1. Considering only strands (runs of 3 or more DSSP E) fully contained in the range 1-77, which possess at least 1 residues that are polar (S, T, N, Q) and free of Cβ contacts under 8 Å to residues at least 24 places away in the same chain?
2. List pairs: first residue in the range 281-293 and in contact (Cβ under 8 Å) with a residue 60 or more places away in the chain, second residue in a strand (DSSP E or B) and not charged (D, E, K, R) anywhere in the structure, Cβ distance under 8 angstrom, at least six positions apart or on different chains.
3. Find all pairs meeting these conditions: Cβ atoms under 7 angstrom apart; at least six residues apart or on different chains; first residue within the range 117-128 and in the same structural domain as LEU55 (by TED's automatic domain parsing) and of a type in the set (Lys, Arg); second residue in a strand (DSSP E or B) and modelled with pLDDT of 90 or more.
4. Among the residues of the range 73-81, are any under 27 Å from GLY128 (Cβ atoms), modelled with pLDDT of 95 or more, touching an Asp or Glu at 6+ places or on another chain (Cβ under 9 Å) and not acidic (Asp, Glu)?
5. Among the residues of the range 201-214, are any assigned by TED's automatic domain parsing to the domain that holds ARG325, on the phi < 0 side of the Ramachandran plot and under 18 Å from the mean Cα position of the chain (by Cα)?
6. Which of (1) farther than 19 Å from TYR177 by Cβ; (2) touching a residue at least 12 places away in the same chain (Cβ under 8 Å) is the odd one out, the single condition LEU263 does not satisfy?
7. Give the residue, chosen from TYR252, TYR283, TYR225, that is out of contact with any Gly (no Cβ under 9 Å at 6 or more places or on another chain) and either closer than 17 Å to ARG175 by Cα or buried (at least 20 other Cβ atoms within 10 Å of the Cβ) (or both).
Amino acid sequence: MEIVQATKNDLSELCIFYEKVCEQQKVDKYSPGWHWGQYPCRDDLEYAIANRLFLLGRIDGKIAAAGILSDGDDDAYNHADWKETKDVCVLHLFAVSPEFRGQGIASSMLSVIKSRARKAIHLDVIEGNDSAGKLYRKNGFALVKQTELFYDDIGEKGAELYEWVSPKKAVETNRLYLRRLDEHDAMRIYETWANDPEVTRYLTWDAHESVDVTKKIIAEWMRAYEDEKCHRYGICLKETDGLIGMIDVVGYEDEVPVIGYVLGRRYWGKGYMTEAFKGFSDYLLEEGFPEIRIEAEEQNLASNRVIMKCGFDFVGKKTMLVKGRDVIINKYRKKA
């Protein structure tokens, strides 16, 4: 499934998608009771495309699932005892096409939606919609409160409020934010940096020969996220939500994290790596690490400049074999 940000060119197709979802809800045993033309309606979708993170998933060119993330909490949720009340998104109009039900599409879509959220997602489920509640609990959402909510189209109803909180604190800078990666990022990673020999010139790994190589590596990363010591993030532009690079803890030396990073070539020379690296290193120090380290090949002048700009101290050199050649590596550290 290809998951992308909806555009105005998708509006007519999205209207048909939600109209079909609403028709199906009329015969479902239990459902949110949406009424096409009232909630949702074309104006709702048009506004969301222009102003919110509106994700849609396609299979064989057809819209299989869609959902909208809006920044900030809903006023109707204020009385709940949320774990996270800042940097929150609310999930609206999350739905799977009747044609694609029973294929695990909802969980796949939620995985991407969670990766796009900052710290937390809040949502409500109409009381009695057990299948929806089960889906959200399966995907890491916790039931926070059972309450009464007023819906414009159906009036006051019993509802369950759910919350998902990111297991890792989000890092945000002026132009960027960091998020967890997922399997749906494979093609973007491959095309943006992993297949580029110029990008990997000074790295310890070679450019990927195909996206299949990228997919296998991402599968390993997904398993690594189960370890609390795993700190691996995609670097994203706030303006477009586009993934432009990656930064992570590549290992530990005596419990001290060692950082690595990579940035797509088209984004070089704009200060993005300095901004992301500073934000990430500050985050690790705030997490309680007394020291962090990083290494860079001596000939990689740009990377050495980035490291020194971010306040790291040069502590020495070492020689190591990289891709069949002996190279000089500069070592840096920064203390809390």
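1. Values: elements: 2-5, 53-59, 62-71.
Those strands (runs of 3 or more DSSP E) span 62-71.
2. TYR283/VAL171
3. Qualifying pairs under 7 Å: ARG118/CYS89; LYS119/VAL88.
4. Going through the range 73-81, the residues under 27 Å from GLY128 (Cβ atoms) turn out to be 73-81.
From what is left, the residues that are modelled with pLDDT of 95 or more are none.
No, the range 73-81 contains no residue that is under 27 Å from GLY128 (Cβ atoms), modelled with pLDDT of 95 or more, touching an Asp or Glu at 6+ places or on another chain (Cβ under 9 Å) and not acidic (Asp, Glu).
5. Looking only at the range 201-214, we keep the residues that are assigned by TED's automatic domain parsing to the domain that holds ARG325, and these are 201-214.
Next cut, on the phi < 0 side of the Ramachandran plot only: 201-214.
Next cut, under 18 Å from the mean Cα position of the chain (by Cα) only: 214.
Yes: the range 201-214 contains one or more residues that are assigned by TED's automatic domain parsing to the domain that holds ARG325, on the phi < 0 side of the Ramachandran plot and under 18 Å from the mean Cα position of the chain (by Cα).
6. Only one criterion in (1) farther than 19 Å from TYR177 by Cβ; (2) touching a residue at least 12 places away in the same chain (Cβ under 8 Å) is unmet by LEU263, namely (1).
7. Values: TYR252 fails: either closer than 17 Å to ARG175 by Cα or buried (at least 20 other Cβ atoms within 10 Å of the Cβ) (or both); TYR225 fails: either closer than 17 Å to ARG175 by Cα or buried (at least 20 other Cβ atoms within 10 Å of the Cβ) (or both).
Of TYR252, TYR283, TYR225, the one residue that is out of contact with any Gly (no Cβ under 9 Å at 6 or more places or on another chain) and either closer than 17 Å to ARG175 by Cα or buried (at least 20 other Cβ atoms within 10 Å of the Cβ) (or both) is TYR283.
Quick grid of which residues meet (1) surrounded by 16 or more Cβ atoms within 10 Å (Cβ to Cβ); (2) at pLDDT 95 or above; (3) charged (D, E, K, R):
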residue: VAL4; (1), (2), (3): no, no, no
residue: ILE16; (1), (2), (3): no, yes, no
residue: VAL21; (1), (2), (3): yes, yes, no
residue: VAL27; (1), (2), (3): no, no, no
residue: ASP43; (1), (2), (3): no, yes, yes
residue: ARG52; (1), (2), (3): yes, no, yes
residue: ALA64; (1), (2), (3): yes, yes, no
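The values are calculated or read from the model by the stated rules, or taken from the named source; none is laboratory data. Treat the numbers as computed from the prediction; the structure is a model and nothing was measured. Note that each Cβ is placed from the backbone with ideal geometry, even for glycine, and that neighbours are counted across all protein chains shown.
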